[in-house]
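Written below as structure tokens is the structure these notes are about.
The values are calculated or read from the model by the stated rules, or taken from the named source; none is laboratory data. It should be emphasised that the depicted structure is a prediction, and the values quoted were computed from it without experimental measurement. Virtual Cβ from ideal backbone geometry, glycine too; neighbours counted across all protein chains shown.
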Amino acid sequence: MSYLKKVSAALAAQEKKHKTVFNYAIPDLWDHEAVCVDSKINVNDGNVIVNPFQFYKEIINNVILKQGSSKVDYHTSYFLGQPKKLPKGLSDGAWIRQSYAYSMMIRSSASYDHDRSGHLENENLYGLKETGTFVKAIAILPLLKKMGIDVVYMLPISKYSLKDKKGELGSPYGVSNFFKLDEGLKDPMTGDALNVEDEFKAFVEACHRLDMKVIIDIIPRTNSVNSDLIVDHPEWFYWINHEDLSDYKPPHVPTLESVLPAKAIYLEDVYKSEEVIAHIKKFKPNPQSIDPKKWDKVVAKWHEAKGTVEILDLVQDMFGLTIAPAFSDGINDPQPAWSDVTFFRLFLDHPLNAQPFLEKIGHVEPYILFDVAKSSYNPGSVVNQPLWDTLTDIIPFFQRNFGIDGARIDMGHALPEDLVSMILSKAREIDPNFCFIAEELDVENAKVSMEKGYNMIIGDGFIRLPRVAQGFFNNFVYSSMNMESPLFAVGETHDTPRLAAREGGEKLAKMITLFSLFIPNTIPFLNSGQEVFERQPMNTGLDCRPDEAYQLSEDDPYYGKLALFDKYAFHMNHKQRFVIPNLLEKATALRKQYVDSIISKEHTYPLGFSAPWDPAAGMGFVSGKKALIAVVNTDVYNHQTHTVKLDSLPREFFGQHVRCNLAFSSENNPHLHAHVNEHKVLMIHCAPAEVVCFELEIL
């Protein structure tokens, strides 16, 4: 059964009912030459007026469904359905090494002010949704395909709670039910013919038909403070009096420095802190254990309300208790408590490392503290097995029902190693080639992550790559090939500043976006909106400046808003919106020709320049009788003439019969005088922030 065809049929049925939609715009970046609709008006300001039912139907019929084969089951994992496509030597999830990933948050990535009213509406003039949906996200996939993307990495799509929400819409990381999808991603364009699960199946099918794999984000360490799991398992959570919530915060340890890891060597100081002792004594038994009969009444009322009342509100009313929010596992981290999420109670006893100190304090109920949050360092001895079984079933649920291909485990480095092992093994029992990404930012832990069974780490590219003047860009480029694990070549994420808002602006953004394709042992990563020079961050979580949330002009409708929490549409009408997509189309085609060499240390040759302080970086990749020379001028303000030393390449490339051709230039710079001279150097003149590639060929 093709869910894409079901979506198409539903759109066709609705099209007959809505033939006169006069004011529905899409960004011209979503348009496609193969889409022929009755009335398509290009307004020449970035907007194209279409009948939405017809447009999305034709994207499916004339673009997506024409790809692939009728003999392939696109609803199962990509390599289970098409085992012959598994790259040679890259089994067990290692296929990610050849990939190019795009980070997509459906709610924001597929948002657009379709009626051009100046703000996003839940229902516009035609009763259509302007925030993102799975159906609208399908229309973006041909653009991603053009840019060379072959992995769609999705931020959480599960049902999340609106209680104590941040911003207008709340964070998708405040998951309240792992096994239900966010109903907000359902599109009214299909009417009642499909539910949100059907539309996600159609989205995955579309990705697979376009040879894209789908990776989701799961959050097994935390859950919403208003989780659906509270109803059946109040003992899986940590409880405090509701009246204590107003001044609830991470306790301070005066004898220790700021942001220390929750290791055993610090726990004696932690448990001597008066604030810590006062904090853990606030915790209470779970309400069911206090009064089982009253708890049954709470549950009965919740069922009777049929979704009109929050379970936590009922608990607060009848018990005076609430769920304790989570906070950073770093000791003396200045971050406040995370009001919308809490930690799971992974062990039924206190951390073994803490038990000697708790004996001096006396009886305490299950509590949240730095060591509890960092259970990878501080496990208990009694596993909460039913909870572990639930957490390890999340990915198999998405595999069996939707055919996903990989997952990133949020904060997996803080989870018990045995739990991580269970999560990985259960998924790979279903799909041996399932890919796992570790949310590990510290490259020093790359080897440990690989030993645990991950295929790659996120790494710290978003810290190093933007800091060109300080030398961190070059440090990342030249050190990556020696990392114990592949990592993302990532200039920005949903948690960091945007590249276009950094020093160097759009030139820096274009430079890093393009050269990331040619950094060895890395997987290029494009954050949604990066392709149109988006300036406003999605969140201010990592490496952000005090004014990071205010990168837009005050008259911008999204001024001060963050996509992770608010109604937000990326600025798809940017004047230079076609620049990066068009350049990526050319650059990714070149990368694909040499990708086997780019991921192979044996075929990678770091290139030098006339002096170590030259504002440049370069790599050579050898494939048979050809070599790709990728060079970047890291001076984002000035033209530079660079002397590229090629003496690290095999000597065959310096004979008389070697041809040097320009293969790519980000600035359309002709480089007519580029040639390899007798001193084994290549002299090239570069525009500011230019990425340029040459091919050497032995004739």
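Remarks
- Of the strands (runs of 3 or more DSSP E) entirely within region 608-690, those holding at least 1 residues that are farther than 21 Å from LYS507 by Cβ and at pLDDT below 90 occupy 658-665, 681-686.
- Region 251-293, residues that are assigned to a helix (DSSP H, G or I) and under 28 Å from MET318 (Cα atoms): ILE277, ALA278, HIS279, ILE280, PRO287, GLN288, SER289, ILE290, PRO292, LYS293
- Looking across LYS19, LYS5, LYS84, one residue alone is basic (Lys, Arg), over 30 Å from ILE599 (Cα atoms) and modelled with pLDDT under 95. It is LYS19.
- Inclusion of TYR56 among residues that are at negative phi, aromatic (Phe, Trp, Tyr) and part of a loop (DSSP other than H, G, I, E, B) is not warranted.
- Within region 316-330, residues that are over 30 Å from SER258 (Cβ atoms) sit with their Cβ atoms under 7 Å from residues that are surrounded by 23 or more Cβ atoms within 10 Å (Cβ to Cβ) and polar (S, T, N, Q), at 6+ positions apart or across chains, in these pairs: GLN316/THR322.
- Taken over region 281-336, the criterion of being surrounded by 15 or more Cβ atoms within 10 Å (Cβ to Cβ) and of a type in the set (Ser, Thr, Tyr) is satisfied by THR322, SER328.
- Tally, over region 620-644, of residues that are in contact with a Lys or Arg (Cβ under 9 Å, 6 or more places away or on another chain) and surrounded by fewer than 17 Cβ atoms within 10 Å (Cβ to Cβ): 1
- Criterion: crowded, with 24+ Cβ neighbours inside 10 Å and either without any contact (Cβ under 8 Å) to a residue 40 or more places away in the chain or in a helix (DSSP H, G or I) (or both) - qualifying residue of PHE525, PHE515: PHE515
- Considering region 447-492, the residues that are among the charged types (D, E, K, R) and farther than 15 Å from LEU508 by Cβ include one that is surrounded by the fewest Cβ atoms within 10 Å (Cβ to Cβ), namely GLU451.
- Flag for ASN223 being among the polar types (S, T, N, Q), touching a strand residue (DSSP E or B) at 6+ places or on another chain (Cβ under 7 Å) and crowded, with 19+ Cβ neighbours inside 10 Å: yes
- Residue in region 458-467 that is within 18 Å of the chain's Cα centre (by Cα), assigned to a helix (DSSP H, G or I) and among the β-branched types (Val, Ile, Thr) present: yes
- Subset of region 187-224 [part of a loop (DSSP other than H, G, I, E, B), hydrophobic (A, V, I, L, M, F, W, C) and either within 30 Å of GLN98 (Cα to Cα) or in the same structural domain as VAL315 (by TED's automatic domain parsing) (or both)]: LEU210, MET212, ILE219
- Single residue of PRO292, PRO254, PRO287 found to be touching a strand residue (DSSP E or B) at 6+ places or on another chain (Cβ under 8 Å), without any contact (Cβ under 8 Å) to a residue 60 or more places away in the chain and more than 30 Å from GLN67 (Cβ to Cβ): PRO287
- Selection within region 59-71 - outside any helix (DSSP H, G or I) and touching a residue at least 40 places away in the same chain (Cβ under 8 Å): LEU65, GLN67, GLY68
- Residues within region 551-598 that are free of Cβ contacts under 8 Å to residues at least 24 places away in the same chain, surrounded by fewer than 17 Cβ atoms within 10 Å (Cβ to Cβ) and not in a helix (DSSP H, G or I), tallied: 7
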